[in-house]
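Input: a single structure, listed below in structure tokens.
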Amino acid sequence: MSDALLKVAGMSKVYTQGLLKKRQTFRLEADFEIEESRIVGVMGPNGSGKTTLFELITGSNQPTGGQVFCKGQNIHKVKYRLRDRMAIHYHQSYQVRHFSKVLPSFMLEKPNSQYPYIHLFDEPQFSTQDGYIGFMLDFFKKLRREGRLVFLCVHPQEPFHIEIMRSMCEEFLFVNAGKVSRASDYDGLLAVDGVRDYLGKLADI
Amino acid sequence: MTESPPLFVAEHLHKRFGDQVVLEDINLSFNAGSISGIMGPNGAGKSTCFNVLTGMYRPDGGSVFFDGEDVTGLAPERIVEKGISRSFQIMNLFDEFTALENIMVATNRVRHGLHRPFWDLRADSEISHKAAEVLAMVGLTGLENSLASDMSYGQRRALEIAVSLATEPRIVFLDEPTQGLGADGRANLADLIGTLQEKFTLVIIEHDMQFLFRLANRISVIHWGQIIAEGTPDELKANEWVRTSELGKMTTC
């Protein structure tokens with residue numbers, strides 16, 4: 001049996017404050033597995049941990065506990081610069097965070113791929129003014145056809161954002177206060193605790 | 001009938017700046033005698049792609065072939081010798097030189113280090129004759145002796161293109177040629193580029209979709225440092241979102 005495209009196994013990330021008396025300020029937990037190529041919609045309020053989740057999957061941010069396996073290989077054991085040959089995070093330049101490197105490169109492995117096969121799009125700019133949005137959506141479908149895993153994180157603000165997510169995504173992750181819930185379709189997503197509050201009026205479009 | 005192979009081919013181009021991937025697996029090919037367009041939103045990687053194609057940057061992976069020859073990583077002056085030329089978004093004209101002189105200093109014979117003083121160059125009838133021919137190609141005949149600083153913005157844009165033609169290229173890359181031009185200027189430039197197609201293979205980088213839809217035989221759309229779409233203008237215009245966008249409304253008028 002071949003390995004799942006992505007397996008997030010008992011992963012947690014804890015941020016603390018204070019040197020002697022450590023106080024937990026944020027905790028993200030995730031445990032899920034995606035076997036095959038698909039387009040996964042990701043939603044959640046600001047500050048809920050969406051970008052942190054993406055950073056942990058692409059290996060730029062080190063988890064406090066658990067592992068992330070991409071096609072069976074633990075991405076956090078791969079040479080830093082080559083992790084984007086497995087999973088690549090597309091974000092706005094202001095979102096880019098840099099993390100200290102934990103181990104020297106010679107102690108780390110080569111990636112199991114030459115080209116990225118997990119693509120995480122973090123709030124791509126969807127504007128209806130120009131036509132680029134159409135090319136972007138076609139590109140997500142092309143990646144999916146090529147057997148890759150696509151994450152599409154959108155913070156819905158307009159009805160057409162919901163329409164795009166409903167028509168493009170084959171399943172959803174909802175990230176809220178550090179917890180990751182999974183739904184197999186849009187109706188399932190609406191049933192997840194907190195989603196209706198988050199979407200407000202947009203929920204029933 | 002067998003199709004001739006493309007004149008210019010880029011395969012699996014990869015480029016990074018530090019930890020950031022700026023070009024990811026770019027594949028492009030340009031046929032001889034065609035006009036190709038490269039378009040994309042700001043920050044999509046258009047200029048980096050252009051700089052790699054024209055030898056200003058060396059790619060971290062992948063290859064560039066011109067007329068079947070691997071030209072990856074050659075120095076810019078060697079690239080020019082092969083017959084690849086480019087214009088710049090920021091104009092590189094000598095303001096205190098005349099239009100003709102601007103062309104003359106860009107011709108191959110001068111570039112190849114004839115260390116002669118400039119007055120001698122002006123007396124070289126072969127070079128000035130050639131330069132006048134190039135000026136004629138861009139419709140600037142009659143302005144040979146005008147100082148570049150005295151020319152209008154549109155004329156300076158045309159002169160900038162003429163400078164890139166002075167090296168007798170076979171393929172010419174134009175970097176955002178409509179930059180700073182109004183509607184009339186764009187229309188004139190489109191006409192000019194149409195006439196150049198008879199003599200050169202052209203690649204135009206533009207964020208003005210309209211301009212490319214009108215001129216290009218084939219367009220590649222770059223975003224996230226990758227080719228996210230490509231096709232003829234008609235194929236791209238058939239996209240549902242392009243049709244319903246402001247752009248689509250304009251192009252159907």
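Read-outs throughout are calculated quantities, based only on the coordinates presented, and are distinct from any laboratory measurement. Remember, it's a predicted structure, so these values are computed and weren't measured experimentally. So basically every Cβ, Gly included, is an ideal-geometry build from the backbone, and we count neighbours across all protein chains shown.
Please state the charge dipole magnitude for chain B, taken about the Cα centre, from unit charges on C-beta atoms (+1 on K and R, -1 on D and E), reported in debye and rounded to the nearest 20. Spell out each step's value before the answer.
Numbers: 22 positive and 34 negative charges, 16 e Å.
Its charge dipole is roughly 80 debye.
Rounded to whole Å, give me the distance from the Cα center of the range B:146-184 to that of the range B:1-73.
The range B:146-184 and the range B:1-73 have Cα centres separated by 23 Å.
Simple spin-label model, 7 Å along Cα-to-Cβ: A:Arg97 to A:Lys21 in nm?
Output for this residue pair reads 2.5 nm.
How big is the dipole moment of the protein assembly as shown about its Cα centre under a simple scheme where the beta carbon of each Lys and Arg is +1, that of each Asp and Glu is -1, and everything else is neutral? Debye, nearest 20, please. Before the final figure, lay out each step's value.
Working: 49 positive and 57 negative charges, 377 e Å.
Dipole of the protein assembly as shown, to the nearest 20 debye: 1820 debye.
If one takes the longest principal axis of the Cα atoms in chain B, at what angle in degrees, from 0 to 90 and to the nearest 10, does the Cα axis of helix B:153-165 lie?
So the inclination is approximately 90 degrees.
Post the alpha-carbon centroid distance, the range A:47-81 to the range A:136-185, in whole angstrom.
With the range A:47-81 and the range A:136-185 each reduced to a Cα centre, they are spaced 19 Å.
Give me the distance in nm between label points sitting 7 Å out from Cα along the Cα-to-Cβ direction at A:Asn46 and B:Leu147, one decimal.
5.3
In nm, to one decimal, how far is the B:Asp95 label point from the B:Lys82 one, both placed 7 Å along Cα→Cβ?
3.6
Within 10 Å of each Cβ in peptide A:124-131, how many partner chain Cβ atoms are there on average? Round it to a whole number, please.
Numbers: counts 2, 3, 1, 3, 4, 3, 10, 16.
Rounded to a whole number, the mean comes out at 5.
5 Å is the cut-off here: which amide hydrogens, built 1.01 Å from N in the peptide plane, fall below it relative to B:Ile228, excluding neighbours closer than 5 in sequence?
Answer set, sorted by chain and number: B:Val221, B:Ile222, B:His223.
Please work out the FRET efficiency for the pair A:Leu190 and B:Glu198, using the Cβ-Cβ distance as r and a Förster radius of 56 Å; give the result to the nearest 0.05.
Values: r = 60 Å, r/R0 = 1.07.
About 0.40, to the nearest 0.05.
Among the lysines, which fall within straight-line cross-link reach of B:Lys82, defined as a Cα-Cα distance under 18 Å, with same-chain neighbours fewer than 8 residues apart omitted?
Cross-link targets: B:Lys199.
Which ordering of B:Glu240, B:Glu81 is given by a fewest-first count of other beta-carbon atoms within 10 Å? Walk me through the numbers on the way to the answer.
On the way: B:Glu240 13, B:Glu81 16.
Ranked by crowding around the Cβ, least crowded first: B:Glu240, B:Glu81.
Given 0.36 nm per residue, what is the gain on full extension from B:Arg214 to B:Val105 after removing their alpha carbon distance, in nm? Present the calculation step by step, with values, prior to reporting the outcome.
Numbers: separation 109, 0.36 × 109 = 39.24 nm, distance 3.31 nm.
Taking B:Arg214 through B:Val105 to full extension adds about 35.9 nm, to one decimal.
Compute the separation of the alpha-carbon centres of the range A:1-21 and the range B:197-245 and state it in Å as a whole number.
The two parts, judged by their Cα centres, are 43 Å apart.
Run a plain Debye calculation on chain B (Cα atoms as equal point scatterers, no solvent) and give log10 I(q)/I(0) at q = 0.08, 0.14, 0.15 Å⁻¹, rounded to two decimals, same order as the q list.
Taken in order of the listed q values, log10 I(q)/I(0) reads -0.33, -0.98, -1.10.
Which loop trypsin sites (Lys or Arg not before Pro) in the range A:1-92, with loop taken from DSSP, have no more than 10 other Cβ atoms within 10 angstrom of their Cβ? Each step should come with its number before you reach the end.
On the way: sites: A:Lys7, A:Lys13, A:Lys21, A:Lys22, A:Arg23, A:Arg27, A:Arg38, A:Lys50, A:Lys71, A:Lys77, A:Lys79, A:Arg81, A:Arg83, A:Arg85; in loops: A:Lys21, A:Lys22, A:Arg38, A:Lys71, A:Lys79.
Filter output for the range A:1-92: A:Lys21, A:Lys22.
Could you tell me whether chain A comes out rounded, prolate or oblate from its Cα gyration tensor? Rule is a ≥ b ≥ c as square roots of the eigenvalues, rounded for a/c under 1.5, then prolate if a/b exceeds b/c, otherwise oblate.
oblate
GluC sites (Glu not before Pro) within the range A:130-205: which are DSSP loop residues with at most 11 other Cβ atoms inside 10 Å? Don't skip to the answer; put the middle values down first.
Details: sites: A:Glu146, A:Glu163, A:Glu170, A:Glu171; in loops: A:Glu146, A:Glu170.
Those satisfying the criteria are A:Glu146.
Give the residue from A:Pro159, A:Met136, A:Phe174 lying farthest towards the positive end of the charge dipole for the range A:123-185; charges sit on Cβ (+1 for Lys and Arg, -1 for Asp and Glu) and the dipole is referred to the Cα centre.
A:Phe174
I need the GluC sites (Glu not before Pro) found in the range A:1-84, filtered to DSSP loop residues with at most 14 other beta carbons within 10 Å of theirs. Let's see the in-between values first.
Working: sites: A:Glu29, A:Glu33, A:Glu35, A:Glu36, A:Glu55; in loops: A:Glu35, A:Glu36.
Counting only loop positions with at most 14 other Cβ atoms within 10 Å, the GluC sites (Glu not before Pro) in the range A:1-84 are A:Glu35, A:Glu36.
Relative to the longest principal axis of the C-alpha atoms of chain B, give the angle of the C-alpha long axis of helix B:183-196, reported between 0 and 90° and rounded to the nearest 10°.
Tilt of helix B:183-196: around 80 degrees.
Between A:Asp204 and B:Glu3, take the C-beta separation as r, use R0 = 51 Å, and let me know the FRET efficiency to the nearest 0.05.
On the way: r = 54 Å, r/R0 = 1.05.
It comes to 0.45.
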